[in-house]
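Asker: Dumping the structure here so I can ask a few things about it.
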Amino acid sequence: MATIREVSKEAGVSRATVTRVLQTPEKVASKTRERVQAAIKKLDYRPNMLSQTFRNKRSNTIVVMVPNIANPLFAKIISGIETVTQKHGYNLLLGDTHNSSELEAHYINLVETQLAAGVLQLSSYSMRNSPLPNPNIKAVGIAGTDNTCGAEFPTVRIDSVEAAKTAVNYLINQGHKRIAVITGPKDNSNTEQRLEGYRTSLGSAGIAIDTDIIFEGDFRLASGQSAVTRMLKQTSELPTAIFCMNDEMAIGAINGLSSAGLTVPEDMSVIGFDDIDFAAFVTPQLTTIAQPANEMGQRGATLLIQMIEEQSPSDQDIVLPFEFVVRNSVSKIEP
């Protein structure tokens with residue numbers, strides 16, 4: 001196996017320059033970088049990352065803790081993260097935590113033992129059972145955490161309360177007064193904030209809140225369908241619209257309504273949240289809140305790398321704009 005000394009000799013540069021190309025390529029002149037990369041390719045050099053960690057006393061691995069790796073929203077966020085980490089010479093380790101605080105603690109231990117440099121937390125923050133914040137851990141929360149719910153580390157997010165109000169206000173403006181909601185898990189901060197927006201919009205319109213049409217889901221497809229099944233069995237007066245707290249549950253709800261012989265939006269309107277790619281390809285196309293997922297990933301990764309490299313993060317709570325995307329899943333109720 002080729003050594004770093006052989007690569008430096010082949011490229012005609014110092015070993016320190018080879019190391020900089022491997023770790024911080026943006027800091028090396030392009031012609032020098034190309035010579036080193038050509039030598040690496042020619043000699044089939046493979047750096048010993050573990051020895052680099054011990055030598056530099058810092059890992060170049062970042063842990064991304066994901067509550068559900070199959071969720072398309074998180075895939076977009078991770079893509080944004082990779083755009084930044086690759087540029088700065090960091091590797092990613094994805095940890096599917098299944099919303100388990102025990103699994104989160106396992107991945108955080110990688111940072112405590114210096115096998116990883118920091119953590120990007122994509123799960124919703126919970127003061128009750130989250131292993132973060134930890135004074136020994138550099139961490140940034142993305143898409144599910146903000147300082148208003150007690151997180152004492154940098155965060156990147158949208159305003160979920162305002163986003164939910166936007167969605168529900170649209171339904172109200174379309175003539176809907178009996179609006180059901182399919183939530184996420186009840187101890188989830190995203191659920192709490194979106195439910196706050198839902199309640200605020202109904203209250204501002206003088207519409208009484210009916211707890212009988214508030215159904216708990218878990219942000220997965222099947223829970224949207226099962227919530228609709230419960231609604232159709234248990235509710236004497238059906239709603240005219242459903243606000244779903246993510247697109248997966250909205251698509252599941254549409255499927256559940258279709259299975260019961262109901263048509264969206266003619267029989268019941270549905271709004272989602274996230275604007276995953278599938279939202280534009282289901283029938284009917286889903287009206288939803290679009291989160292800037294790729295940018296959220298980029299901004300979160302940038303904050304974490306600033307912390308790892310002993311720089312002060314450029315911001316502590318980045319709130320990015322959302323977009324309300326109107327498609328075909330909501331009908332207007334004429335007075």
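The values are calculated or read from the model by the stated rules, or taken from the named source; none is laboratory data. Treat the numbers as computed from the prediction; the structure is a model and nothing was measured. Methodologically, a virtual Cβ is constructed for each residue, glycine included, from the backbone with ideal geometry; neighbour enumeration extends over all protein chains shown. Just so you know, the surface numbers come from the protein's heavy atoms only, side chains and all, with ligands and any DNA or RNA stripped out. Shrake-Rupley method; radii C 1.70, N 1.55, O 1.52, S 1.80 Å.
Asker: For the subset of the range 96-116 comprising residues that are part of a loop (DSSP other than H, G, I, E, B) and of a type in the set (Gly, Ala, Ser), which member is surrounded by the most Cβ atoms within 10 Å (Cβ to Cβ)?
Answerer: If we take residues in the range 96-116 being part of a loop (DSSP other than H, G, I, E, B) and of a type in the set (Gly, Ala, Ser), then Ala116 is surrounded by the most Cβ atoms within 10 Å (Cβ to Cβ).
Asker: Still on this structure, I have one more. Given the conditions (1) surrounded by fewer than 20 Cβ atoms within 10 Å (Cβ to Cβ); (2) modelled with pLDDT of 90 or more, and given that Leu120 satisfies all but one, which numbered condition is not satisfied?
Answerer: Of (1) surrounded by fewer than 20 Cβ atoms within 10 Å (Cβ to Cβ); (2) modelled with pLDDT of 90 or more, only one is false for Leu120: (1).
Asker: Taking into account only those residues within the range 68-94 that are free of Cβ contacts under 8 Å to residues at least 60 places away in the same chain and touching an Asp or Glu at 6+ places or on another chain (Cβ under 8 Å), which is nearest to Asp277 (Cα to Cα)?
Answerer: Ile69
Asker: For the subset of the range 65-95 comprising residues that are open to solvent by less than 70 Å² (accessible area, probe 1.4 Å) and of a type in the set (Ser, Thr, Tyr), which member is farthest from Ala143 (Cα to Cα)?
Answerer: Tyr90
Asker: Check the range 220-233 and report whether any residue there is among the basic types (Lys, Arg) and touching a residue at least 40 places away in the same chain (Cβ under 8 Å).
Answerer: yes
Asker: Still on this structure, I have one more. Could you list, in sequence order, all residues of the range 263-276 that are hydrophobic (A, V, I, L, M, F, W, C) and either outside any loop (DSSP other than H, G, I, E, B) or at pLDDT below 95 (or both)?
Answerer: Passing the criteria: Val270, Ile271.
Asker: Moving to a separate point now. Can we say Met296 is at pLDDT below 95 and buried (at least 17 other Cβ atoms within 10 Å of the Cβ)?
Answerer: no
Asker: Next up: Kindly indicate whether any position in the range 285-293 is in a loop (DSSP other than H, G, I, E, B) and either touching a Cys at 6+ places or on another chain (Cβ under 7 Å) or buried (at least 24 other Cβ atoms within 10 Å of the Cβ) (or both).
Answerer: Yes; the residues of the range 285-293 include at least one that is in a loop (DSSP other than H, G, I, E, B) and either touching a Cys at 6+ places or on another chain (Cβ under 7 Å) or buried (at least 24 other Cβ atoms within 10 Å of the Cβ) (or both).
Asker: For the range 37-58, what are the residues that are modelled with pLDDT of 80 or more, out of contact with any Pro (no Cβ under 9 Å at 6 or more places or on another chain) and open to solvent by less than 90 Å² (accessible area, probe 1.4 Å)?
Answerer: Result: Ala38, Ala39, Leu43, Asp44, Tyr45.
Asker: Also: Look through the range 308-331, keep the residues that are in a strand (DSSP E or B) and among the aliphatic types (A, V, I, L, M), and return whichever of them is surrounded by the most Cβ atoms within 10 Å (Cβ to Cβ).
Answerer: By that ranking, first place goes to Ile318.
Asker: Do any residues in the range 5-26 that are outside any helix (DSSP H, G or I) have Cβ atoms under 7 Å from those of residues that are of a type outside the set (Asp, Glu) and open to solvent by less than 30 Å² (accessible area, probe 1.4 Å), where the two are at least six apart or on different chains, and which pairs are they?
Answerer: So the pair list comes out as Val13/Val36; Ser14/Ser8; Thr24/Gly89.
Asker: Which residues, taken from the range 12-36, are open to solvent by 40 Å² or more (accessible area, probe 1.4 Å) and either modelled with pLDDT of 85 or more or in contact with a Leu (Cβ under 7 Å, 6 or more places away or on another chain) (or both)?
Answerer: Gly12, Ser14, Arg15, Ala16, Ala29, Ser30, Lys31, Arg33, Glu34, Arg35
Asker: Continuing with this model, one more query. Considering only strands (runs of 3 or more DSSP E) fully contained in the range 151-262, which possess at least 1 residues that are at pLDDT below 95 and surrounded by 16 or more Cβ atoms within 10 Å (Cβ to Cβ)?
Answerer: Once the strands (runs of 3 or more DSSP E) in the range 151-262 are filtered for at least 1 residues that are at pLDDT below 95 and surrounded by 16 or more Cβ atoms within 10 Å (Cβ to Cβ), what remains is 155-157.
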